[in-house]
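Just below is one structure, and these are the notes that go with it.
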């Protein structure tokens, strides 16, 4: 199965880049994995809702062309799953799809248009995380799900 992660914004910190490389390598034992980076819209320091909304629409237009297969949008208001349930969701989604696409928004989230195209809205916590760090967290959870599905003891 193919797993795509569409993420807004570049990774700037070397340790985050290295962590992503490590988890991508680990996941590649089980699935084909691609990380697609979408440019984050530049916003002025003096922000308002209209400017943020316009930026999210522009980012959404860039994201939309990569929405393939079973689409999971990472959303603080989405459904929370534990690691075993997350593994089961991936296994279940793979039965009817050859691709699962996870979408991570930028600093201001995702447009409603992108959220509405998702098969699932998923939250890992009610806490807010930096979107760059969250990319590593999602990759780790995907790897953990692979281990759970394949009865590898990593998840203990």
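Tell me, what is the percent relative contact order of the chain, built from C-alpha pairs under 8 Å that lie six or more residues apart?
Reported relative contact order: 33 percent.
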The chain - share of DSSP beta bridges that are antiparallel (%, nearest 5): 5 percent
Residue 80 versus residue 95: modelled label distance in nm, points set 7 Å from Cα along the beta carbon direction: 2.7 nm
Per-pair calculated FRET efficiency, R0 = 41 Å: residue 52 and residue 151 via Cβ, rounded to 0.05: 0.35
Taking 128, 101 and counting other C-beta atoms within 10 Å, the order from fewest to most: 128, 101
Distance (nanometres) between label positions extended 7 Å along Cα→Cβ at residue 22 and residue 62: 2.8 nm
Label-point separation, residue 10 to residue 129 (7 Å along Cα→Cβ), nm: 2.3 nm
Stokes-Einstein diffusion coefficient of the chain, Kirkwood radius over Cα pairs, 37 °C, 0.692 mPa s, in µm²/s: 205 µm²/s
Sites residue 32 and residue 107, calculated FRET efficiency, Cβ-Cβ separation with R0 30 Å, nearest 0.05: 0.55
Cα-only radius of gyration and Dmax that characterise region 1-81, units Å: 15.1, 46
Residue exposure sequence - 47, 138, 11 - by fewest surrounding Cβ within 10 Å: 47, 11, 138
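Coordinate-derived values only; no laboratory data. Source: prediction; values computed, not measured. Ideal geometry is used to build each Cβ from the backbone, glycine not excepted, and the neighbour counts take in all protein chains shown.
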